[in-house]
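What follows is a single structure, written as structure tokens, with notes after it.
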Amino acid sequence: MASKHKPDDRSDNVERIQETIDNTVKNMRKAEDMMALMEDGSKSKKDLKEKNERRAMSLEAMRREIREEALDRERGYQ
């Protein structure tokens, strides 16, 4: 029996992306708080710093995506 393709429902994309952005920012702040308590030069601190740099890059991409989704909504795309 073939499975039916689920229609593409993008109606909540902006909200989902915004929630992901909010969670990412929260995690970045927690990591910054943790780094403040760590010794300079420690591997853990370096790892957290690198992770936050990757998070920042992801935030840029998510913010671009949310703008595109918002524009699509204005244009009437579903």
| request: Keeping to segment 22-78, report how many residues are hydrophobic (A, V, I, L, M, F, W, C) and over 28 Å from Asp9 (Cα atoms). | output: 8
| request: Kindly list, by first and then second residue, each pair from a residue in segment 17-38 that is free of Cβ contacts under 8 Å to residues at least 24 places away in the same chain to a residue that is of a type in the set (Ser, Thr, Tyr), limited to pairs with Cβ atoms under 8 Å and residues at least 6 apart or on different chains. | output: Met38/Ser44
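For residues that are of a type in the set (S, T, N, Q) and either touching an Asp or Glu at 6+ places or on another chain (Cβ under 9 Å) or part of a loop (DSSP other than H, G, I, E, B) (or both), scanning just segment 1-37, find the one that is modelled with the highest pLDDT.
Of all residues in segment 1-37, those of a type in the set (S, T, N, Q) come to 3, 11, 13, 18, 20, 23-24, 27.
From what is left, the residues that are either touching an Asp or Glu at 6+ places or on another chain (Cβ under 9 Å) or part of a loop (DSSP other than H, G, I, E, B) (or both) are 3, 11, 13.
Values: Ser3: 65, Ser11: 74, Asn13: 86.
That would be Asn13.
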| said: Can you find a residue that is surrounded by 13 or more Cβ atoms within 10 Å (Cβ to Cβ) and under 16 Å from the mean Cα position of the chain (by Cα) anywhere in segment 43-54? | reply: yes
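Among the residues of segment 53-69, is there at least one that is among the polar types (S, T, N, Q), in contact (Cβ under 8 Å) with a residue 24 or more places away in the chain and outside any loop (DSSP other than H, G, I, E, B)? Please lay out each step first, then the result.
Just the residues of segment 53-69 that are among the polar types (S, T, N, Q), to begin with: 58.
Filter once more, so that each one left must be in contact (Cβ under 8 Å) with a residue 24 or more places away in the chain: 58.
Now restrict to residues that are outside any loop (DSSP other than H, G, I, E, B): 58.
Within segment 53-69 (the criterion being among the polar types (S, T, N, Q), in contact (Cβ under 8 Å) with a residue 24 or more places away in the chain and outside any loop (DSSP other than H, G, I, E, B)), the answer is yes, since at least one residue qualifies.
The values are calculated or read from the model by the stated rules, or taken from the named source; none is laboratory data. Please read these numbers as outputs of a predicted model, since none were measured by experiment. Note that we place each Cβ from the backbone using ideal geometry, even for glycine, and neighbour counts take in every protein chain shown.
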